[in-house]
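Input: a single structure, listed below in structure tokens.
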Amino acid sequence: MLDASQIESLYDRYFKLATAGDVDGVVNLYAEDATIEDPIGSDLHRGHEAIRKFYEASAGSFVMRRTGPVRAAGLEAASPVVVLMGPPGPEQKVLDIISTMVFSEDGKILAMRAYWNFGALRPATDADRG
């Protein structure tokens, strides 16, 4: 079974790949029948084909990074995240997100859910940029 440090590493790999625009890398993190609900309440994306389309629409157009610890319990985890949109500077925007994931015992993402809404979009700060 995965331990908390392995789950944290998977989260960080996911953020790195999505930020880099590596759609193939991101899709390969997911199980074949995995689901994405991002944001909560939006249409569910199920399976590699749907997941690929989801990431092709945005991967590489933002910077995603953890802003706090990954809290793992068994094969489930949650983490606070910021997503920076636009080039650094006064026009850059940020969304604060809570990301949750469920993992298989072999380290594949079974489900990813993201808690956010565009009403929370705000100007980015130096602290957001890390």
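Checked against the criterion of being open to solvent by less than 30 Å² (accessible area, probe 1.4 Å) and over 21 Å from R13 (Cβ atoms), the candidates G41, G47, G89, G119 yield just one match: G89. Does P80 satisfy the condition of being open to solvent by 50 Å² or more (accessible area, probe 1.4 Å), within 23 Å of D126 (Cα to Cα) and either without any contact (Cβ under 8 Å) to a residue 12 or more places away in the chain or in contact with a Lys or Arg (Cβ under 9 Å, 6 or more places away or on another chain) (or both)? Answer is no for this residue.
The residue pairs whose first member lies in the range 8-22 and is at positive phi, whose second member is surrounded by fewer than 17 Cβ atoms within 10 Å (Cβ to Cβ), and whose beta carbons are closer than 6 Å, counting only pairs six or more residues apart or on different chains, are G21/G60.
Of the numbered conditions (1) under 30 Å from M1 (Cβ atoms); (2) at pLDDT 95 or above, A59 fails exactly one; give the number of that condition. Looking at each condition in turn, A59 falls short on (2).
The values are calculated or read from the model by the stated rules, or taken from the named source; none is laboratory data. From a predicted model like this one, the values you see are computed outputs, not experimental measurements. Ideal geometry is used to build each Cβ from the backbone, glycine not excepted, and the neighbour counts take in all protein chains shown. Quick note on the areas: whole protein, heavy atoms, side chains included, nothing else; ligands and nucleic acids left out. Shrake-Rupley method; radii C 1.70, N 1.55, O 1.52, S 1.80 Å.
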